[in-house]
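Take a look at the structure set out below.
Taken together, the values in this text are just the output of simple stated rules run on the coordinates, not laboratory data. Owing to the predicted nature of the structure, the values given are computational and were not obtained by experimental measurement. Cβ sites come from the backbone with ideal geometry, for glycine too, and all protein chains shown count toward neighbours.
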Amino acid sequence: MTKREKFRKLLNHNKHFFLMEAHDGLSSKIVEETGFSAIWASGLSITASLGVRDNNEISYTQLLDVLEYMNDATSLPILVDGDTGYGNFNNASVLLRKLEERGIAAVCIEDKKFPKTNSFLEDSMDALADPLEFAGKIRAMKAAQSSPDFTVVARLESFNVGAGLDDAIKRARIYVEAGADALLVHSKRSDSKDIDDFLSSFDMDVPIFLVPTKYYTVPVNHLTKDIRVRGIIWANQSVRACVSAMQSICKQIFNEGSIANAEESIASVSEIFRLQRHDEYVEMEKKYLPPGTPSSAIILAAGSPGKFGIEKPKALISINGQSLLEHQITALTSVGIANKTIVRGYKKEHISMQGYSYVDNDKWQTTDAMYSLSLASKGIVEPYLVLYSDVFFKRYLLHNLILFSNQTDADIILVCVKENYIFSGSLVVDNSPDYLGNNDTALITGVSDSSYGDTEKTVYFSGLMMVKNHEGINNLLECKDIDTLSSRMLFSRALEYGMKIAAIIASTDAIVDINTVQDLMKVR
Ligand code: SPV
Ligand code: MG
């Protein structure tokens, strides 16, 4: 069923329904999740959220831009507050056609002159449009629509400007005869006298919308006693709720100079991701990313900051405004890796960003990175990436690693460098490097205790690797001496068990292990 058909169904059903105000994609989504059956795209709320007045300060194309986001975010039909139709019969028809193109279900136009003022601020009878001119607008709009189910609602402003009941009744008849599918009777009284008078005097059978913003104390069952009252519009409460919430939280954060006390009272970042439908993205990744792209990565961040002597994990050292860890997370996200597990140890309480999994290595002082890896890799049943948290690397290395992993049948692929590295011991490569993008690739044929070997054949593990044979490696990580197992020992055992280890040979411009202030200067 199209949104227009849904709206028609609501209109033709002998029961009232509620339209909740929304003003952007997010609020539209929330309105739908709450259970409402239709949305009022309020002019007041949309302009307020854009920070401008409700005086036709935005053009109709700017309104369309907002509506496009709203309509995309919801499966509910939207009744658009079309103000006065943005001009004469011609402008209103253009508006209608553009709304149809955007998939909007219905539009409401009010019988005031362009440019309008919000009804709660307007009390001049001069603001009213000529009823016959307005009827011509309705006829032009109905003639312009191409889908039969599009709904045009005519809004009566007679009560708001003091023109009274007779004027409202006269106009209502003219508008319905011109082809309006429904009427919206507006009133800014705090009781329902205008509405009660209108309903008891007007005798045409047409669906009617009401906006009880000011007469909110009148019970809905009183307003809906008349079966023609079909739509009750809660016209601006979403934006008003946002304003109160934002004012209060901004004030609290400003006064306290901290977000610590604010955190509990606001939506979590993961709730924002949920509303943005991040889960859909994860599903699409599975479908559309090249086969072999892992969905998991483990960041080993348990160790002490070493020579830096700082009171926080080394992963939190800032490089060009972002921590090392944030750089890594951004890089992983850019290649589509959704599940990121961070192993914490030293000063673990400093690492607590939302949206990631955490594993704690409480024996960080006496164990090696492979122990951390063994803790985090336990639950992973697919290929995964491993990153030492103190390596800073260029993103293309990750792309190359994933690309190469699709081309090789190796069980592990290491990113290695030729220059001596901090890891004790070196790896030996075969003599026949292939060319891959910016880097050479090679097979690891042995592990040496010495750091100084044949320079042609010697490489050093950089701290970035892909574990393709997750079962094999996870088995090796379940050893008795895991507390002291080094990466070099792990690779050596993998070779002993007949596993194949391949390497991408990167330059030290592309990947740097951050150990000294000089290293930091280099990457900054
Ligand atoms: C709006 O929500 O923009 C409306 C209803 O037009 S009212 O603000 O009550 O005029
Ligand atoms: Mg409005």
- Counting each DSSP H run of 4 or more residues in the chain as -39500 (n - 2.57), what helix-only mean residue ellipticity at 222 nm follows after dividing by all residues, to the nearest 500 deg cm²/dmol? -11000 deg cm²/dmol
- Note on the structure: Cβ density ranking, 10 Å radius, fewest first, applied to His186, His13 yields His13, His186
- Task: Starting from the Cα of Thr484, step 7 Å along the direction of its Cβ; do the same at Asp205; then give the gap between the two resulting points in nm.
- Result: 9.3
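May I ask you to give the average projected area over all directions of the convex hull of the Cα atoms of region 53-210, in nm² rounded to one decimal? Mind showing how you got there, number by number?
Working: hull surface 35.8 nm².
Its average projected convex-hull area is 8.9 nm².
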- Item | Cα gyration tensor shape of region 233-359, rounded if a/c is under 1.5, else prolate or oblate by comparing a/b with b/c | oblate
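What Kirkwood Rh does region 84-167 have if only Cα atoms enter the pairwise 1/r average? Answer in Å. Show your work: numbers first, answer last.
Details: mean 1/r = 0.0757 Å⁻¹.
By the Kirkwood definition, the hydrodynamic radius is 13.2 Å.
Let's see if you can work this out: charge +1 on each Lys and Arg Cβ, -1 on each Asp and Glu Cβ, no other charges. What is the dipole magnitude of region 89-156 about its Cα centre, in debye to the nearest 20? Before the final figure, lay out the partial values.
On the way: 10 positive and 10 negative charges, 54 e Å.
Value, rounded to 20: 260 debye.
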- Message: For a quick check of your reading of the filter: which GluC sites (Glu not before Pro) in region 296-389 sit in a DSSP loop and have no more than 15 other Cβ atoms within 10 Å?
- Response: Glu311
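For the chain, what proportion of DSSP beta bridges, expressed in % and rounded to the nearest 5, is antiparallel? Let's see the in-between values first.
Working: 30 of 81 bridges.
Within the chain, antiparallel bridges account for around 35 percent of the total.
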- Task: Would you kindly calculate the mean projected area, averaged across all directions, of the convex hull enclosing the Cα atoms of region 309-436, in square nanometres?
- Result: 9.7
- Once Lys and Arg get +1 and Asp and Glu get -1 on their Cβ, which of Asn88, Met466, Asn515 lies farthest toward the positive end of the dipole of the chain? Asn88
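R0 = 25 Å: FRET efficiency of Met284 with Thr333, Cβ-based, nearest 0.05?
Working: r = 14 Å, r/R0 = 0.57.
Rounded to the nearest 0.05, the efficiency is 0.95.
Rounded to the nearest angstrom and ordered from largest down, what semi-axes does the equivalent ellipsoid of region 142-232 get from its C-alpha gyration tensor (root of 5λ)?
Values: eigenvalues 101, 45, 27 Å².
Semi-axes (√(5λ), whole Å): 23, 15, 12.
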- If you place +1 on the Cβ of every Lys and Arg and -1 on the Cβ of every Asp and Glu, how big does the dipole about the Cα centre of region 65-113 come out, in debye to the nearest 20? 160
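Might you report the magnitude of the Cβ-based charge dipole of the chain about its Cα centre, with Lys and Arg at +1 and Asp and Glu at -1, to the nearest 20 debye? Don't jump to the answer; show the numbers that get you there.
Values: 54 positive and 67 negative charges, 100 e Å.
About 480 debye.
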- Message: Which one, Ile259, Thr117, Gly25, is farthest towards the positive end of the dipole of the chain when Lys and Arg carry +1 and Asp and Glu -1 on their Cβ?
- Response: Thr117
- Message: Just to confirm the filter: which chymotrypsin sites (Phe, Trp or Tyr not before Pro) across region 454-508 are DSSP coil and have at most 13 other Cβ within 10 angstrom of their Cβ?
- Response: Tyr497
- Expressed as a whole percent, how much of the Cα-Cα distance distribution for the chain exceeds 34 Å? 54
- Query: How many times 2.2 N^0.38 Å is the alpha carbon radius of gyration of region 187-284?
  - Reply: 1.70
- Item | For region 91-140, average projected area of the Cα convex hull in nm² | 4.0
- Query: Taking a label point 7 Å from the Cα of Arg53 along the Cα→Cβ vector, which residues of region 160-183 have an amide N closer than 18 Å to it?
  - Reply: none
- D (Stokes-Einstein, µm²/s), Kirkwood Cα radius, region 30-126, 1.567 mPa s at 4 °C: 93
- Query: So for the pair Thr366, Asn90, with labels modelled 7 Å out along Cα→Cβ, what separation do we get in nm?
  - Reply: 8.7
- Task: Assuming R0 = 35 Å, can you tell me the calculated FRET efficiency for the pair Met246 and Ser304, based on Cβ-Cβ distance, to the nearest 0.05?
- Result: 0.30
- In nanometres, what is the gap between the two model label sites at Leu275 and Ile227, each 7 Å from Cα along Cα-to-Cβ? 4.0
- Item | Calculated P(r) of region 480-524 - Cα pairs past 15 Å, % | 63
